[in-house]
1. When the residues of region 1-19 are narrowed to those that are of a type in the set (S, T, N, Q) and exposed (fewer than 10 other Cβ atoms within 10 Å of the Cβ), which ends up farthest from the chain's Cα centre (by Cα)?
2. Using beta carbons and a limit of 8 Å, which pairs, at least six apart or on different chains, have the first residue in region 1-22 and farther than 15 Å from LEU43 by Cβ and the second one assigned to a loop (DSSP other than H, G, I, E, B) and modelled with pLDDT under 90?
3. Filter region 20-33 for residues that are more than 19 Å from ALA48 (Cβ to Cβ) and either surrounded by 12 or more Cβ atoms within 10 Å (Cβ to Cβ) or of a type in the set (Val, Ile, Thr) (or both) and give the result.
4. Out of (1) of a type outside the set (Val, Ile, Thr); (2) surrounded by 14 or more Cβ atoms within 10 Å (Cβ to Cβ); (3) at pLDDT below 90, what's the single condition that is false for HIS74?
Amino acid sequence: MAQRVVVTLSDDIDGGEAAETVAFGLDGKMYEIDLNAANAKKLRKALAPYLAAGRKQTGKAAGGVTGTTTAYKHTALAPDPAAVRAWAQSNKLDVPARGRIPKRVYEAFREAS
């Protein structure tokens, strides 16, 4: 015996039949909404000025958007890893002599500053 499963999308705005699922993000959270063609066009038109003025986020994939975690990158704004390592050693924190400095050490350095 064969089974056939049919999935029907309902438009989350007007309750009619939806044509697609639209994914978007805001404030570090990802959302999905099922929309018919007209409502999808309205959403894209409403977001167009913000998309044109905004920057694409690189690094994490769309599904992996982080919330309030702090990412440390080697830029002029991030603390110098050598300075963080020296501070950690002088404060008796366990830090490797080479390689990646643990996030907890960066957090302790930031709190002490």
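The values are calculated or read from the model by the stated rules, or taken from the named source; none is laboratory data. Fair warning: this is a prediction, and the values are worked out from it, not measured in the lab. Heads up, the Cβs are rebuilt from the backbone with ideal geometry, glycines too, and the neighbour counts pull from every protein chain shown.
1. Going through region 1-19, the residues of a type in the set (S, T, N, Q) turn out to be 3, 8, 10.
After this cut, where a residue has to be exposed (fewer than 10 other Cβ atoms within 10 Å of the Cβ) as well, the list is 3, 8.
Values: GLN3: 39, THR8: 29 Å.
Of everything passing the filter in region 1-19, GLN3 is farthest from the chain's Cα centre (by Cα).
2. Between residues of region 1-22 that are farther than 15 Å from LEU43 by Cβ and residues that are assigned to a loop (DSSP other than H, G, I, E, B) and modelled with pLDDT under 90, the close pairs are GLU17/THR8; GLU17/LEU9.
3. Scanning region 20-33 gives THR21, MET30.
4. (2)
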